[in-house]
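> I have a structure I would like to understand better, so I am pasting it below and will then ask my questions one at a time.
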Amino acid sequence: MISKKKKYNFNTDTLSYVEVKNPVGKRILRSLLKFIYLNILAFLILIVLYSFVNSPEAVLQNLRINKFNTKYAILSFKVDSLSSVLQNKHFHDDNIYRGILELDSLPENIRIAGTGGHDPYAGHHESFPEKILTALSVKIENLQKQISIQEESYDEILNAAIEKKDKLEHYPAITPVNCTKYIWISSYFGSRNDPFTFRLRTHAGIDFVGPKNTEVYSTATGNVTLVKQSRRGYGNEVVINHGYGYSTRYAHLNKILVKEGQKVERGELIGLMGNTGRSTGTHLHYEVRVHNRPTNPIYFFAEDLSPEEFEELTNKSE
């Protein structure tokens, strides 16, 4: 039987097939060539695989990089959002508060803490992760500086608001009597004919006419600096120092209800209307002085304060 894997030659003499045997060296050479061929093929296959399919280490590294980039993007977005809120909300409100309190606005270069210039970390980073971490660090540092400046500004605004509130409480803003239909102004601030001499004289206040013992109130918070009972001049009078350069005088009282050195609140009862001193009838002479200079009290009155609101205010001071 003839094997297909072997080679044969036909012998014409014997009329039969004779097996052809290769020399040993040739068989070894063929085996070696086959081995080399297979190794080259395997190497080419590995190159192709590594070109299109990452190694497990490379896949893991890529996952870490992607995770890192995602965290950086989230943190960077949060920092940008906080910076946007700071600039669009707090900077805007800060300017409004400063305008109301008559404070100078902060220049833009101070608000942003001088950011946006030279990178202090330039030249100190090489790798990509270091670069993006540095960028985030710069953002955070800039935001911290801006927040610190804004906190200082709010402290300044708060102190100014407290001072403003205190100043407003010491501002003689109401009338010293409840101006109902039974009370009216008989003489205004300025030049007038003296009711006794009929000569033109300066009237340093306003005269309110009303029933005897009409209640007289302090027009602002302050300290009583003078209580004087006299039959001459202003008669029974009270002077209150309100601070900030403001003081008020209440004259011709029938009865004084406060003492020198006493602290009084706005709307607190201090006396009763009368006709003492140099007076032609029951009335209250009321003065406002600013840095000891007589000023028209009309400029200080809250014109939209109704008698009911005035009574409510005086009741709170009791």
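The values are calculated or read from the model by the stated rules, or taken from the named source; none is laboratory data. Predicted, not measured: the structure shown is a model, and the values here were computed from it. Note: ideal-geometry Cβ built from the backbone for every residue, glycine included; neighbour counts use all protein chains shown.
> For region 70-81, enumerate the residues that are of a type outside the set (Val, Ile, Thr) and in contact (Cβ under 8 Å) with a residue 12 or more places away in the chain.
Tyr72, Leu75, Ser76, Asp80
> Could you pull out the residue among Phe52, Phe77, Phe35 that is farther than 30 Å from Glu156 by Cα, at pLDDT 80 or above and hydrophobic (A, V, I, L, M, F, W, C)?
None of the others qualify; the one that does is Phe77.
> Just give me the residues in region 215-231 being among the aliphatic types (A, V, I, L, M), assigned to a strand (DSSP E or B) and free of Cβ contacts under 8 Å to residues at least 60 places away in the same chain, in sequence order.
Listed by number, the residues that qualify are Val224, Leu226, Val227.
> Hey, another quick one. Give the residues of region 261-318 that are in a loop (DSSP other than H, G, I, E, B) and free of Cβ contacts under 8 Å to residues at least 24 places away in the same chain, sorted by residue number.
Scanning region 261-318 gives Glu303, Asp304, Ser306.
> Quickly run through region 245-260 and pick out the residues that are assigned to a loop (DSSP other than H, G, I, E, B) and of a type in the set (D, E, K, R).
Lys259, Glu260 - these are the residues of region 245-260 that are assigned to a loop (DSSP other than H, G, I, E, B) and of a type in the set (D, E, K, R).
> Does Val59 qualify as being modelled with pLDDT under 75 and either assigned to a helix (DSSP H, G or I) or of a type in the set (Gly, Ala, Ser) (or both)?
Spelling it out, Val59 is indeed modelled with pLDDT under 75 and either assigned to a helix (DSSP H, G or I) or of a type in the set (Gly, Ala, Ser) (or both).
> Within region 224-245, track down each residue that is at pLDDT 95 or above and either of a type in the set (Val, Ile, Thr) or closer than 19 Å to Pro294 by Cα (or both).
Within region 224-245, Val224, Thr225, Leu226, Val227, Glu237, Val238, Val239, Ile240, Asn241, His242 meet the criteria.
> Here's another thing I want to ask about it. Being closer than 26 Å to Ile206 by Cβ, of a type outside the set (Ser, Thr, Tyr), modelled with pLDDT of 85 or more and surrounded by 13 or more Cβ atoms within 10 Å (Cβ to Cβ) is true for just one of Ile183, Ile157. Which residue is that?
Ile183
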